[in-house]
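First the structure, in the form of structure tokens, and then the observations on it.
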Amino acid sequence: MARHGGGRGWYGKVVGAALGVTLLATGASVWSAQAGTGGDASPKPKAPRVKPVAATIAHASEAGARGLNITIDDGPDPVWTPQVLDLLREYEVKATFCMVGTQAQAHPDLVKKVVAAGHRLCNHSVSHNTAMDKQSQRYQSQQILDAERMITKASGGVRPMYYRAPGGAFTPYSRKLAASRGMRPLGWNVDSKDFERPGADAIVATVERELPGGPTLLFHDAGGDRAQTVEALRRLLPRLKEQGYSYGFPVR
């Protein structure tokens, strides 16, 4: 999501969970190292090899010159994500869901529904810290890699294909790290401003006004009441298709 000055209380609730994840991950690593020194010398299966992708920030659409990328940030949320999924199914649109790690961990059923519907997953960090670009490389690594593991586990083994830094707070390090893990850094061209809840009319007007700026559209399915977002998508998805646009995924 874009950087916003206010309304951040929802994300404060995930910080404690993120710290807990880090502690659990540390404990698991120590346990695994200790277990490896035991008498069981049987070979461990190798994890599938991850193919690196470009580290530049993607904006273009795989659907071509008239293609649009619908991206949905900050979920999944048990109230709003199902409603967004219903609209996408109704209008035969595929989207990219940029998930916060703790949200994915809390709602694995919704992550699986997103995947089953043919949408793509995007890593949006563990705790949605929009000042990640001011943090240490160790912190950035923990946020990206822990979220990757959380989302992959919640999905039943489907890995995120993109990484979107919270608030666009990319660094050269975070982009290269994500790309090395097969997650293309993902930007946006059109910020619908739905996070500010200006009303469905204003969200629609913003998208239509900013659309010439590029194909990747930013919406949210969590972080508060998203009724305005749902209503705006209900109007925009068929309208943009009538105008000759198609829907696809960001390039990788």
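Condition first: of a type in the set (D, E, K, R), touching a strand residue (DSSP E or B) at 6+ places or on another chain (Cβ under 9 Å) and open to solvent by 20 Å² or more (accessible area, probe 1.4 Å). Now tell me which residues in the range 138-174 satisfy that.
If the condition is that a residue be of a type in the set (D, E, K, R), touching a strand residue (DSSP E or B) at 6+ places or on another chain (Cβ under 9 Å) and open to solvent by 20 Å² or more (accessible area, probe 1.4 Å), then ARG159 is the only one that fits.
Among the residues of the range 214-233, is there at least one that is over 19 Å from PHE97 (Cα atoms), over 18 Å from the mean Cα position of the chain (by Cα) and in contact (Cβ under 8 Å) with a residue 24 or more places away in the chain?
no
Being assigned to a loop (DSSP other than H, G, I, E, B), on the phi < 0 side of the Ramachandran plot and hydroxyl-bearing (Ser, Thr, Tyr) is the filter here, so list the residues in the range 120-149 that pass it.
Matches in the range 120-149: SER127, THR130, SER136.
Looking at (1) touching a residue at least 40 places away in the same chain (Cβ under 8 Å); (2) open to solvent by 30 Å² or more (accessible area, probe 1.4 Å), find the lone condition where ARG209 falls short.
(1)
Taking into account only those residues within the range 84-137 that are within 20 Å of LEU186 (Cα to Cα) and of a type in the set (Lys, Arg), which is least open to solvent (accessible area, probe 1.4 Å)?
ARG120
Here is a check on your reading of the model: is LYS134 among the charged types (D, E, K, R) and within 20 Å of GLY223 (Cβ to Cβ)?
Values: among the charged types (D, E, K, R): yes; within 20 Å of GLY223 (Cβ to Cβ): no.
Considered against the rule, which asks whether it is among the charged types (D, E, K, R) and within 20 Å of GLY223 (Cβ to Cβ), LYS134 comes out as no.
Looking for whichever is at positive phi and surrounded by 23 or more Cβ atoms within 10 Å (Cβ to Cβ) here; the options are GLY223, GLY214. Which one fits? Can you show your working first?
Details: GLY214 fails: surrounded by 23 or more Cβ atoms within 10 Å (Cβ to Cβ).
Of the residues listed, the single one that is at positive phi and surrounded by 23 or more Cβ atoms within 10 Å (Cβ to Cβ) is GLY223.
Kindly check whether there is at least one residue in the range 62-74 that is part of a loop (DSSP other than H, G, I, E, B) and without any contact (Cβ under 8 Å) to a residue 60 or more places away in the chain. If you could, list the steps in order and put the result at the bottom.
Filtering the range 62-74 down to residues part of a loop (DSSP other than H, G, I, E, B) leaves 62-66, 74.
Then keep just the ones that are without any contact (Cβ under 8 Å) to a residue 60 or more places away in the chain; that gives 65.
Looking for residues that are part of a loop (DSSP other than H, G, I, E, B) and without any contact (Cβ under 8 Å) to a residue 60 or more places away in the chain, one finds at least one in the range 62-74, hence yes.
May I ask you to say which residue of THR71, THR56 is in contact with a helix residue (DSSP H, G or I) (Cβ under 8 Å, 6 or more places away or on another chain) and either of a type in the set (Val, Ile, Thr) or open to solvent by less than 40 Å² (accessible area, probe 1.4 Å) (or both)?
Checking each option against the conditions leaves just THR56.
Given the criteria open to solvent by 10 Å² or more (accessible area, probe 1.4 Å) and of a type in the set (A, V, I, L, M), does VAL79 qualify?
yes
For ALA232, indicate whether it is more than 19 Å from HIS124 (Cβ to Cβ), open to solvent by less than 10 Å² (accessible area, probe 1.4 Å), at pLDDT 95 or above and assigned to a helix (DSSP H, G or I).
Yes; evaluated as a whole, the condition is true for this residue.
Tell me yes or no: at least one residue of the range 91-102 is part of a loop (DSSP other than H, G, I, E, B), under 17 Å from GLY156 (Cα atoms), out of contact with any helix residue (DSSP H, G or I) (no Cβ under 6 Å at 6 or more places or on another chain) and of a type in the set (A, V, I, L, M). Break it down into steps so the answer makes sense when it comes.
From the range 91-102, those part of a loop (DSSP other than H, G, I, E, B) are 91-95, 100; that's our starting set.
Still in the running and under 17 Å from GLY156 (Cα atoms): 100.
Filter once more, keeping what is out of contact with any helix residue (DSSP H, G or I) (no Cβ under 6 Å at 6 or more places or on another chain): 100.
Imposing the further condition that a residue be of a type in the set (A, V, I, L, M) reduces the set to 100.
For the range 91-102, residues part of a loop (DSSP other than H, G, I, E, B), under 17 Å from GLY156 (Cα atoms), out of contact with any helix residue (DSSP H, G or I) (no Cβ under 6 Å at 6 or more places or on another chain) and of a type in the set (A, V, I, L, M): present.
The values are calculated or read from the model by the stated rules, or taken from the named source; none is laboratory data. Everything numeric here is computed off the predicted structure, so don't read it as measured data. In this analysis, Cβ positions are derived from the backbone assuming ideal geometry, glycine residues included, and neighbour counts consider all displayed protein chains. Only protein heavy atoms, including side chains, enter the accessible area calculation; ligands, DNA and RNA are left aside. Shrake-Rupley method; radii C 1.70, N 1.55, O 1.52, S 1.80 Å.
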